[in-house]
1. Do we have A:Asp326 as buried (at least 21 other Cβ atoms within 10 Å of the Cβ) and either of a type in the set (Asp, Glu) or more than 25 Å from A:Phe39 (Cβ to Cβ) (or both) here?
2. Quick check on region A:1-50: of everything there that is more than 27 Å from A:Gly121 (Cα to Cα) and of a type outside the set (Gly, Ala, Ser), which residue is surrounded by the most Cβ atoms within 10 Å (Cβ to Cβ)?
3. Please verify whether B:Gly45 is part of a helix (DSSP H, G or I), touching a residue at least 12 places away in the same chain (Cβ under 8 Å) and more than 10 Å from chain A (Cβ to nearest Cβ), treating the condition exactly as stated.
4. Of all residues in region A:8-35 being of a type in the set (Gly, Ala, Ser) and assigned to a strand (DSSP E or B), which is nearest to A:Ala322 (Cα to Cα)?
5. Say whether the condition of being outside any loop (DSSP other than H, G, I, E, B), out of contact with any Pro (no Cβ under 7 Å at 6 or more places or on another chain), away from every other protein chain (no Cβ under 14 Å) and among the β-branched types (Val, Ile, Thr) is met by at least one residue in region A:84-94.
6. Does A:Thr57 meet the test of being within 30 Å of B:Gly122 (Cβ to Cβ), of a type in the set (Val, Ile, Thr) and out of contact with any Leu (no Cβ under 6 Å at 6 or more places or on another chain)?
7. Among the numbered criteria (1) surrounded by fewer than 16 Cβ atoms within 10 Å (Cβ to Cβ); (2) within 23 Å of A:Gly13 (Cβ to Cβ), which one does B:Ala110 miss?
8. Would region A:46-55 turn up any residue that is within 12 Å of chain B (Cβ to nearest Cβ) and not basic (Lys, Arg)?
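The values are calculated or read from the model by the stated rules, or taken from the named source; none is laboratory data. As the structure is a computational prediction, the values presented were derived from the model and not from experiment. Because the Cβ atoms are built from the backbone with ideal geometry, glycine has one as well, and the counts that use them run over all protein chains shown.
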Amino acid sequence: MSGVRVLVGTRKGAFVLSADGRRGEWHVDGPFLPGWEVFHVKGSPVAPERIWAAQWTGWFGQVIQRSEDGGRTWEPVGNDFAYEGEPGTRVDFENHSQPFSFAKVWHLEPSPDDPEVVFAGVEDAALFRSGDGGATWSELAGLRTHHTAAGWGPGAGGLCLHTILLEAGAPERILVAISAAGVFASDDAGSTWRAANRGLRSGELPNPDPEAGHCVHHVTRHPSRPDTLFMQKHWDVLRSDDRAESWREVSGNLPSDFGFPIEVHPHEPETIYVVPITSDEHHFPPDGRLRVYRSRSGGGVWEPLEQGLPQANCYVNVLRDAMSTDSLEPAGIYFGTTGGQVYASPDAGDSWAPIVRDLPAVLSVEVQTLP
Amino acid sequence: MSGEARVDPPGGGSGTRDQEAAGSGVLTIRVALPGHLRQLAGVAGEVSLAWEGSDAPTYGGVVDAVEARFPALRGTIRDPATGRRRPFVRFFAAGEDFSNDGMTAPLPPAVVSGAEVLRVVGAMAGG
């Protein structure tokens, strides 16, 4: 029988949650890498026993770990993320120029084609690629040297490259998102980049629609429709149907324009999920009720999903990389909270139950569907 | 400068090795790593570095030797981009803080002699 493996990164280590295809009984392994912040854990789509983890502390910096046995054991690999050439400058919160300086890895994106290739999105915003399974890393410096980069500034979490979208069979096409710079697209495997933010509006900024300078929280898409993108921005949910040449708002009837994750149903390219959060000031669910919102029309019209989720006195957050899906039928949807719960829905969001309730704050959730 | 690191067996002292080192003209530098780095390096106890060469051992030389013996620790004690000690990492010996001596400074004589251990400490910060 097929199975599911949920890879969870938390403030104090990584956890692996596994179940068979019924997704009713779960086995919890961990903590792995205990005591370290694990920002992201993700497996290779073509070699699922191979998993990478981005492990960090404020004391000892960045470590990258790799598992070859589905997360049971881990070995450190390369952690030298050196900017290519002169690092250049970006701006800080006071709009003063500061040199780009590596802080940590936010996101690891394994290639959908090659188990030796993995990308890393880092703070201060840059994109790195490894072609040897993570042993060595090289920067794709055309992004950090984009003509807008000197004006990039951090979001509240830092100037982080947090989203990397790759296409199976088309390694030349890469999309990334940076907070708070926006979306950038490459058609030449990362050598050159274009800003892809037309249609984004950040109405509380002095210049509401700059070429770059938008606080994009997360971007996703269905693999069968690589040109259709869905975005949760600091303000608004948006979609693009022309591979980020232009964007339009599809927030519709959502109770809040703020949130972090956005995901697509694995079998229905127009069904998407978000977790609305009350404003950029509060960072907790509206009315103390944790609700996932689902749109079956690619945005615009949304329905709340609350069965099994706490509907009173709930003030957790769900971070940008903390939602994922399996590819079973019916589809499973998963998310983790800053309160340490990981919720699973084995029926595409209609009902939910916690897999675990008391982990450290969850930073990331990725799901592998196993044969 | 050169240094070769080896690991003490759990609970092992350094006296025997110090005597061997003295007899062969090789210094033995004892280093205590913080828990997170012991976990990463896969060691349980104190680390001993057999120090060869004519140069006096320095903090930077000790970090070089630790990283050579334990590649998983590369970049964890000092920032690989700047070569500077990470801000929340401190160097102590015999109860004294030597963190601000700089990476090129010589180690305290008591550490060089093997009488004292060089303690790499994660500063108390955060929660």
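1. Criteria met by A:Asp326.
2. So, considering only residues that are more than 27 Å from A:Gly121 (Cα to Cα) and of a type outside the set (Gly, Ala, Ser), the one surrounded by the most Cβ atoms within 10 Å (Cβ to Cβ) is A:Arg23.
3. Working: part of a helix (DSSP H, G or I): no; touching a residue at least 12 places away in the same chain (Cβ under 8 Å): yes; more than 10 Å from chain A (Cβ to nearest Cβ): yes.
No, not satisfied.
4. Going through the qualifying residues, I end up with A:Gly9.
5. Scanning region A:84-94 turns up at least one residue that is outside any loop (DSSP other than H, G, I, E, B), out of contact with any Pro (no Cβ under 7 Å at 6 or more places or on another chain), away from every other protein chain (no Cβ under 14 Å) and among the β-branched types (Val, Ile, Thr).
6. yes
7. (2)
8. Of the residues in region A:46-55, the ones within 12 Å of chain B (Cβ to nearest Cβ) are A:55.
Next, only the ones that are not basic (Lys, Arg) stay: A:55.
Yes, region A:46-55 contains a residue that is within 12 Å of chain B (Cβ to nearest Cβ) and not basic (Lys, Arg).
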